[in-house]
Each structure stands twice: as structure tokens, then as C-alpha cells.
1. Please state which one of A:Glu450, A:Glu462, A:Glu470, A:Glu440 is in the same structural domain as A:Tyr360 (by TED's automatic domain parsing) and either free of Cβ contacts under 8 Å to residues at least 40 places away in the same chain or aliphatic (A, V, I, L, M) (or both).
2. Which residue, of B:Gly65, B:Gly58, B:Gly71, B:Gly88, is modelled with pLDDT under 80, over 21 Å from B:Leu18 (Cβ atoms), within 29 Å of the chain's Cα centre (by Cα) and not in a helix (DSSP H, G or I)?
3. Six or more apart or on different chains, Cβ under 7 Å: which pairs go from a residue in region B:420-434 that's within 17 Å of B:Lys454 (Cα to Cα) to one that's of a type in the set (Phe, Trp, Tyr) and in a helix (DSSP H, G or I)? Could you list them?
4. On the given criteria, is A:Ala384 without any contact (Cβ under 8 Å) to a residue 24 or more places away in the chain, of a type outside the set (D, E, K, R) and away from chain B (no Cβ under 13 Å)?
5. Is there a residue being over 27 Å from B:Gly233 (Cβ atoms), surrounded by fewer than 21 Cβ atoms within 10 Å (Cβ to Cβ) and of a type in the set (Lys, Arg) anywhere in region B:451-469?
6. Would you confirm whether any residue within region A:467-481 is assigned to a helix (DSSP H, G or I), within 24 Å of B:Glu364 (Cα to Cα) and more than 9 Å from chain B (Cβ to nearest Cβ)?
7. Considering only region B:15-52, state which residues are outside any strand (DSSP E or B) and either touching a Leu at 6+ places or on another chain (Cβ under 7 Å) or in the same structural domain as B:Asn107 (by TED's automatic domain parsing) (or both).
8. When region A:122-170 is examined, which residues are found to be within 27 Å of A:Leu456 (Cα to Cα) and part of a strand (DSSP E or B)?
Protein chains: 2
Amino acid sequence: MKMDSIIVLTGRTCTHALLFAQLITPDGTNHGLHGFVVPIRDPATLETYPGLIVGDMGEKIGVHGIDNGTGYHGENLLNRSADVTEEGVYESKFSEPSRILGAALENLSAGRIGIMQESCNSISSAVCIAIRYAATRQQFGTAAQEIPLIEYQLHQWRLFGYVAASVVFKLYIQNMTQVYLKVVEKSNSGQKLDNLAKSETVSEIHAMVSSSKPMMTWTVLRAAQQCREACGGHGFLKRANLGDIRSNHEATVTYEGDNSVLCQQAGNWLLRQYGAACAAQPVDSPLGTVAFLQRGEDILAEKFQARASDDLKTTEINCEFVIVIHYPYLGVRCQILLRSQPVYQTIHIILSTYRWLLCYLLKETHDQYQSLIASGLTKFHAKAKTQVYKWQTLTQVYAEYLALMFSLESIGRKEKDLQPVLEKQFLLYGLWSLDRHLVELYQGGFAQGEGLAKLLRRAVLELCSDVKNEVVSIVDALGPTDFVLNSVLGKSDGKLYQNLQKEFFHNPGGLQRATWWRDVVPSKL
Amino acid sequence: MKMDSIIVLTGRTCTHALLFAQLITPDGTNHGLHGFVVPIRDPATLETYPGLIVGDMGEKIGVHGIDNGTGYHGENLLNRSADVTEEGVYESKFSEPSRILGAALENLSAGRIGIMQESCNSISSAVCIAIRYAATRQQFGTAAQEIPLIEYQLHQWRLFGYVAASVVFKLYIQNMTQVYLKVVEKSNSGQKLDNLAKSETVSEIHAMVSSSKPMMTWTVLRAAQQCREACGGHGFLKRANLGDIRSNHEATVTYEGDNSVLCQQAGNWLLRQYGAACAAQPVDSPLGTVAFLQRGEDILAEKFQARASDDLKTTEINCEFVIVIHYPYLGVRCQILLRSQPVYQTIHIILSTYRWLLCYLLKETHDQYQSLIASGLTKFHAKAKTQVYKWQTLTQVYAEYLALMFSLESIGRKEKDLQPVLEKQFLLYGLWSLDRHLVELYQGGFAQGEGLAKLLRRAVLELCSDVKNEVVSIVDALGPTDFVLNSVLGKSDGKLYQNLQKEFFHNPGGLQRATWWRDVVPSKL
């Protein structure tokens, strides 16, 4: 087995690279994507091995502490699922090439889940800084009493949706990581790999991760930007740390699979399940995330029914209600206790609206893709012409639905005292996210006239007002220590003005005239 | 006259600051916002004057070459419109306080127009880099022939709207600057200030600038971000220059009036005109930007009528058509020749949809504001509770409408050969911008069912495909020289891969192992 040399861009210290590449055996057969472990440098000297060009391409926008790496070599195939004999003959435990890809992709999910966990920390830090600033920074009002920013509805609306997102994302990713680890444990245990090959579980996890990594990282990027803007000129100070949080986070929308490309992969699985449902075949969703497709036609016949914004946001406690989630593949069965009938009603409206959206977007995407195939386009080109407004939107709606389902289940397991607080954050996130999909809800006939947009947006604003007195405590719980947060605007002591002044007076040389002052004074003076 | 000392944050070299502050005379009367010129440092030594604390607050996210400045002092009132006698008596040429504010604000418009011009350069550079990269960077397709990114519909959609925005913004701001300069010329000429005071022209300019600066700077910020993402990992390299373009541009959404605050000011004037129209009084719009409010009720009765996406995007030439724009205050009368009936029809649909949106958002904003006033809220609090989804959206729609009207007029004056190219960019910008307001169009009953969203979005995608072969030439015309563009991804020679490789090999020390390599090698090796 041989591979042509390629230019590698790598960290200046790594000794091995993990490379995903097409495997072409001496007989010219392309066996598809495989993982290779490639030695790059001598671990004792950090000199590169002969024939390799290894180097650093230069400074980046952020993530300055990390270099990326790749490389080439011929002998280091990761051979859990496939191998090449010394005679150059390819051997795999899988019969279908697409299954090999799936097994290789399983390994990539861990990195993407790590990115999502990291993103949760980034959004928690960003909203922690912006909310603490909003609670202490006063602007306008009367000369006698200026008003804290957090009192302004516009400021609440700009930030509170992102606070809710950080709560929901944290609950989602904690829960989802557990499910993922159980799947990996099962796959790595004594059970035969055939079971893994047969199962759709790995594919479903891959679809979940491939849709959620883009949705989360894009949301967190918007959050970091909004938090910076909401802190005004002070937010533009480097010591506010919002610039670095944004720039260091930003790479996540590109690496470990560019977000737009990952959306395509998630859509593949979703459309396969939709195709099965249309053909009256079983939907192969072992984790149950799209089990509802079996009743897709009924769902699409639903209409928006709320009559007042209270229907969309109430959290009063009336009765008990139980939602049950099955994970047949894992043998897990979760019960969610929802204590209040009105909360259930609101949650039901949010989740059923999401299910309607998924069915609608699946139908639109599927129909357009099939009609392009029928017109003679290749699968590749038909897919490329189905991304905008459809395929990509579909996968992002799916990811938001997953975040809602998994966080809801988590809330059901939390202490009773905590649940009402978390439920409000859940409702705000759900409604605030649906606000971004109103066009599709109108376009597809789920609603018409002013009712839906008016009620939903009113509920969002009312919820913002409702949670105002809780958000500071929430970001205190979400945020890291002052040392890690590292922001002059977001210290936990709440002494914004004093901290800013101290920063200002202690800025080295900041109060002296510039050392080069003579260079800018006209000579005649 | 005396003012309390304040801490000033300033550049390390500026000798004078222009300060806008409340003027309070010895008798305790507050005369409102006035401009002051404040000496800060001795121009000969750059030492600050006694009693002043002047310093630099530290590093920022971007705009590293510029410090901001302000200061205090008592004697330096800018006294074109008002003065204080030596006995401390206030004298103004204006009788109404709000007019004084307007006169002071006129001076701020120049800075904001400068920001818009600068923003046009930033978006032109960003799209120039991203489009050249898209045209040369190949990904996926077959092993024999990879496909340039620009061929992918998703990639076109991500970028081409921003190309159209840079064309429209440039035409808009050039035209608007001329109008502004004529107004300033007239205001500074021999004519009495009473004329200025009486006229609404300064207020209309202020509303135009206060809505357009937010709309443009936010759009350019999204453009810079999208361009970075569309260049993937290569865009994340510092030498791509997209990070610096974004970070240096970013301050514009905050300075010279935070965008959210400016939107409030623009809305004040718009709502005053709407109020006049509702009361069957003349709309005082000397530049004619909201003259259509006189027939607001007829406009609100209109419905979406296009039946095919061709109705929304065609540029075929059929006949001549003339739009006339009056600037009564300036005595200017512009004729726009539109050569084709279908283009006119599309332009008509876009502009009339914008006028419907403006009338609808004015009505919604006005009604909510008035009902909050009726419920007992102060003007201040009623306004604060009318920003989200209403007041702010209204001003952004107004700014987009202005960009369309002023750029359309510019196109009418361009060379005949150029007009078809510019018209297509105009159509794309108009439809792509309307796409962001579909919810309001559905909510307000302008349309129902799938027609509007489906046709408009199809037209956007078809236009993207139509302009694909023109965009490289357009960004060549918009972009600066290679030296100014300063991007390894966007050189005008189109040799992307060679330029990247050269950059890589010439990165100082990039190919050597790190100097600190011994520190990371375990001692036992």
C-alpha cells in the first residue's frame, strides 16, 4: 500500500496525526474513507520524518494556542473495522461500503460532542458577562435615577433568549453525551460488530450530532456577538473578554466538519427515514427521535390553535402529566413528570409545532429532491440544489427539536424546586426558536393571519419580563469563576463601575502621554 | 458657567475634544444638549491640562490605531445656534428646545455618513475576497474534476446577496452624501437660520442617517462574518484579512450612536409623519422619502399579486418607463429612465411591498405606543415597550427602502451598458432583503399561503444563478487594489493555491520545529 505525498499543515509539536482518507489498494480499487494513524515527527527530537513537509501556516483569527495537524504514510490503517493484508488485499468486517463509512464516522462524533460541550461553556460565559453588565450598567431615565439596562424590554429580548439557550443546551448535551457513551460502550463491548452494522443507532447518533453541532455553534456565535453588542463600547474592550470568547469560538462552525457540510449528512438520514415512512415501511429510529414520522400525515393536517399568549407561556401548576420517552436500543425508558396541565399544554404546542415543521420541511425537501432527480440530475447535483431554505433549514429545526426533547427529559429528573425555573427557560427557548421559523409555518399553512406571529412574539416578550428577576441567579449558576471568566465587565461582585475604574487606572502607561509624543507635535510649536 | 469634573477616556495624542453635554446655567436651568469644544492637552507638549484625568483604557477588539476622546471644560460652547453671556444668561436663535437639538444633531450626521462610506469599503473588501476564493477554490465533485465553490447554489445564496448589498449601498451612500452636502451648503450659506429651524429637512436627514447607519453597519457585520465562514478554515487565517475586516468594522455598530439608540431617533420622525398623515395633515417630508404616507390607507389595502417567480426577477427589455423623484427643498427633480416594462414591474413590486411594510409597521408601532400612553405609561416607558418587533424593525425597513430608492435613482444616471448589470443587483438586493420581512407580510395579511415565500425565494435563487457569471467582474470593480485588500485568499491574479503555498513556505520559521521543542519532549526520550 502506498499513498502519494501531500503537503501537510500541522502543529509544530505533534508526533502523530489521525488522517481520514480514501483507501486505494494496489489493484486500483477505491475502498472509501478510512482512518489512518500517521507518524509525523520523531518523538525524541520533534524533527519531521524524511519526505514530509510539515509546518505552521501562520497566525489565525483565534484559538491561538492550538495548531491543526494532518499527514501521510502507508502503514497505519486503523483496523478495527477493516484491514489491508501484506499482499495489498483489502479485508473488512462490513459488507456494505456505506456501513464502513458509518463506523468511521462514529469516531468523529466524539470530537463533535466535545465541541458542543465547549460551546456550552462559551455561551455560558458570554451571557454571564452580558447579564451581569446589564444588571449593573445604568443608562437614561431621569437625572435622579438612571435605569439599569436589564429593565429595558429591548435589552431583555436581545439577551434572554440566549440565556435560555445556554440552559437548554447544557441540559441537552449532558443528556445526549450519556446516550452517546452508552452506545459506544455497547459497540465496544463483547457484542459482535455485525450488530453495530445492522443497527441504525450509529446513523441516528451521527444525524443528531451532524445537525446539532451546526445549530449549537451557530447559535453560540450569534450569542457571543449579541452579548458584545449589548455591552456597547465597554464590550469592545479586550478586557471584557467578549471578543476573545467570540474569536475562539468562531472556529467551531468550520472545523470537525464545516457546518454546511454536516447539515447535508444529517439530512441524508432524515430523508431516508421520511422515505421509509412514505412507503409505509418502519422508520428505523432506535433512539426514537423521528418515530413520530409514522403519523406524519396526521401531523401535517394540524393547525395552530392557541388563542392567547398565555396559552404559549403559562407555567401555573394544575395537575400531573407524564411524557414517556423510549430508547429501545438502549433498553432505557424515561418518564418525564410534568406537574402542571398548562405547562404541558404549552410544551405540547411547542413540540407539536416542531413536529409539524419537521414533517413539512421533510416533505418539501423530499419533493424537490425527487423532482430534480426525475428531471435527470445526478444525486450529487440534486442534493446541491435542495440545500437552501430546505435541507439545511430542516436539519437545524431537527437539532432544535432534539435540544428541546433531551432537555425536557433532563428537567423531569431535576429537583422539584428547580423545575419551575428550568421550565420557564425551556418555554422561552422553544418559543424564541420557533420565532425564526414563522415563515415556514405560514408558508405551509399551519397558520394564517396575525394570530400566530402576534401571540408567539407577545409570549416571548412576556416571558422575558417574567424571567427578569431570575436571570442573574441563572448566569451565576451557569458561569465559571471570575478567574476563568476573566472579564472586567462580568465580575461576580457586581461592582462594575469600580472594576472599570480600577482597570483604567491600572492600565500600564495608560495615564502617561505616549512615549513617541514628540513625533506628532508639529516642529514649529 | 461651570461643569463638574468627569473622568475622561481619550486618545493619547488629541489636543481638543468635541463634547456633547447638557448645558445647565447658573440659575439651574437645563437648556438641553449642546456641543462644546474642550482643550485637553497642551499642543506643544501633549501634557494634559491641570485637573484633567486623561488616559487610555487599554486594548480593544479592533480599530487598534484609533483612540476615542472626550473631556470637560467650561468656556468652549460651540455657539452657532446658542450662546451663554458672561453673566451666565442663555441666548439661543431657536425658540423651541427640540429645534436646538436638531441643529446640534445635524453636526453628528456627517460622522455617521462617514461610517456608512467606510462600511461600504469594508463590505466591498469582504465580498471581493470571498467571491474570488469561491471562484478558485474547488471542493467535491468527481476525482477527475472538482467543482469550484461558486457553482454550489448554497454558496451563491450565502454570498451573492451581500455582493448585491455592496453595490446598492455604494450607489445609495454616494447619492445620499450629495443630498446631504447640498442641505449643509444651503444651511451654511447666507440664508437665515430661521429657514433651517422651520424646515423639516434636517430632521428628515437625521431620520435617514439614524436608520441607515444601523441597517448598513449590521448588514456589513453579517457580510463580513458570512464571508469568513464561506472561506472555511482558510478564512480563519489571519492573512485572509477577513478577521481584521470584521473586527475593525464591528465598532461601527456601537460608536457614533449605538445602533439600537439611533433606531429610536429615526422612529421619532417617522411616527411624527405618520401621526400627521392619520390626522389628514400634510406629511412634512421635504426630501419626499415618506410622501407616500398621504395615501397610506390605499397602500395598506394592497395585496401580493405576483404569480410566478419571473414576475419578481425578470430583466427583459420591453419598453421605456419613467420614475420621477422630487426634492422640493433642494429644487432638484430627478428622472429615472427604466427601459423595460418587466423590470419596472419587478421594481414596482419590490418598492410597493416596501411601502406596504412601512405603512403596516408604522400603524402597528403607532397603535401600540398610543395604547401604552393611554394605559398611563410615560412617553419614555411607552417607547421602551414598543421597540422589539416594531419600532426597530420599522426603522430598518425604512433604511432598506431608502437604499433602494436612492440607488435606483443612481442607476438611472449610469451608462446604458452598465444599467442591466446594476438592475439585476438591485433586484437581488431588494428580494433578498424582503425575505427577512416575510413574517410581517404574512402577519399583516399582505399575503397568505405558500405563494409569496415560495415565489420570492425561488426568484432569489434564480437571480443568484443568473448573476453567477457577473459577480467576479463586479467584485473586481468594487474591491480595492491587492495591496489594500491585503488578503492571501483574494489576490486579483486568481492564483489561490500558489499564493497559499507561497504564504506557507515564506511564513518565518513556519517549517522549523519550535525553538522550545525540548520543553515538550518527555525527559526519558
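The values are calculated or read from the model by the stated rules, or taken from the named source; none is laboratory data. What you are looking at is a predicted structure, and each value in this text was computed from that prediction instead of being measured. Cβ: placed from backbone, ideal geometry, glycine included. Neighbour counts: every protein chain shown.
1. Being in the same structural domain as A:Tyr360 (by TED's automatic domain parsing) and either free of Cβ contacts under 8 Å to residues at least 40 places away in the same chain or aliphatic (A, V, I, L, M) (or both) holds for just one of A:Glu450, A:Glu462, A:Glu470, A:Glu440, which is A:Glu450.
2. Values: B:Gly65 fails: over 21 Å from B:Leu18 (Cβ atoms); B:Gly71 fails: over 21 Å from B:Leu18 (Cβ atoms); B:Gly88 fails: within 29 Å of the chain's Cα centre (by Cα).
Going through B:Gly65, B:Gly58, B:Gly71, B:Gly88 in turn, just one is modelled with pLDDT under 80, over 21 Å from B:Leu18 (Cβ atoms), within 29 Å of the chain's Cα centre (by Cα) and not in a helix (DSSP H, G or I): B:Gly58.
3. Hits for this filter: B:Leu428/B:Phe160.
4. Working: without any contact (Cβ under 8 Å) to a residue 24 or more places away in the chain: yes; of a type outside the set (D, E, K, R): yes; away from chain B (no Cβ under 13 Å): no.
For A:Ala384, the condition - without any contact (Cβ under 8 Å) to a residue 24 or more places away in the chain, of a type outside the set (D, E, K, R) and away from chain B (no Cβ under 13 Å) - is not met.
5. yes
6. no
7. If we filter region B:15-52 for residues that are outside any strand (DSSP E or B), which is where we start, we get B:15, B:25-29, B:40, B:42-47, B:49-52.
Scanning region B:15-52 gives B:Ile40, B:Pro43, B:Ala44.
8. Scanning region A:122-170 gives a single hit, A:Pro148.
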